Amino acid sequence: MKLKIEPPWTRIEALDRTLSETGYALLDPQGVRAWSGLSQGELDMLLPFWDRLPPDPHLRDGGRYRRRRHGCYIASESGLQLAPHRAHWQPLAYNALHGGMRRWFEPLEEDMLGQAAWSRLIERVAEQASRLHGSGTWFLEAHPFRIDTTDGIGRPTPEGAHRDGVDLVAVFMLKRHAIKGGESRVFDADGPNGLRFTLDRPWSLLLLDDRRVIHESTPIQPLVNGELGWRDTLVVTCRAKGFQGDKETD
């Protein structure tokens, strides 16, 4: 049996320094509650929305294993504002599988947008980007994902090891159900150093300085043949130069 590799958790008081020095940091659920100022109950009120994610219609590998929604925000001195719904776009340089496509996904549910915990998580990612790279206006994209084993295997990152072309990436682990695999891997973008671990505690968090590191997650498989398994995450990206795909910023 393959042993699970425990993440190198970051103490909340060392978060800023660790993220600045290494390009990544990991918070356990207790750390996420302290970092966000949210209770476990407030966070868990978001979980049912992952049961209603629609299928991803754009998978170029022909898979049926991914469900998702998409929404965009702008964070500035004026506060956090929901941006008009838009296509998700990445250049080929950052996504060899889906780069160059304007991918329209179903928007975030209105009931989700009304949850105080949802807005607080988005705000907190923007605040962390300012602590890492300096204050400014941030353009955020929020991606609730469910990767399942409908096809026998599910790929959290079908594009492979990659950067996202942003300034900060936040990966919240919400839930793993009846799966094996899904190991997270983080590498220096310009060097040989890297680490691997299994992020499996509900409401743990991986923060990545996308300027400095490459990341990926390995495929998932069902623990029991014939039983559907899944992996729920929330990925929030934060970029200073506008949304990718805007001609004036790319």
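The values are calculated or read from the model by the stated rules, or taken from the named source; none is laboratory data. For clarity, every value in this text was computed on a predicted model and none was experimentally measured. Quick reminder, even Gly has a Cβ in these numbers, built from the backbone with ideal geometry, and neighbours come from all protein chains shown. Surface areas here come from the heavy atoms of the whole protein model, side chains and all, with no ligands, DNA or RNA. Shrake-Rupley method; radii C 1.70, N 1.55, O 1.52, S 1.80 Å.
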Counting only protein heavy atoms and leaving out ligands, DNA and RNA, the solvent-accessible surface of ARG211 at a 1.4 Å probe, in Å² to the nearest 10, equals 120
In a Gaussian network model of the chain with springs linking alpha carbons closer than 10 Å, the residue among ASP61, ASP200, ASP148 that fluctuates most is ASP61
Candidate cut points under GluC sites (Glu not before Pro) in segment 1-105, DSSP loop plus at most 14 other Cβ atoms within 10 Å of their own Cβ, are GLU77
Within segment 101-135, DSSP-loop trypsin sites (Lys or Arg not before Pro) with at most 13 other C-beta atoms within 10 Å are ARG102
Distribution output for the chain: share of Cα-Cα pairs per 5 Å bin in percent, first bin at 0, values 1, 6, 13, 19, 21, 19, 13, 5, 1, 0, 0
Rounded to one decimal in Å, the inverse mean reciprocal Cα-Cα distance for segment 134-250, i.e. its Kirkwood radius, is 15.2
If every Lys and Arg gets +1 and every Asp and Glu gets -1 at its Cβ, then about the Cα centre segment 63-221 yields a dipole, in debye to the nearest 20, of 460
Ranked by GNM mean-square fluctuation in the chain (Cα springs under 10 Å), the top entry among ASP209, ASP164, ASP151 is ASP151
Per the helix-only model, the chain has a calculated mean residue ellipticity at 222 nm (DSSP H runs of ≥4, -39500 (n - 2.57) each, divided over all residues, rounded to the nearest 500) of -5000 deg cm²/dmol
Segment 201-250 and segment 149-189 have their Cα centres apart by a whole-number Å value of 5
Filtering chymotrypsin sites (Phe, Trp or Tyr not before Pro) in segment 53-131 by DSSP loop and by at most 14 other Cβ atoms within 10 Å leaves TRP104
Diffing segment 39-53: the Karplus 3J(HN,Hα) column from phi (6.51, -1.76, 1.60, θ = phi - 60°), in whole Hz with x for Gly and Pro, holds 7, 4, x, 5, 5, 5, 5, 7, 4, x, 5, 6, 6, 10, 6
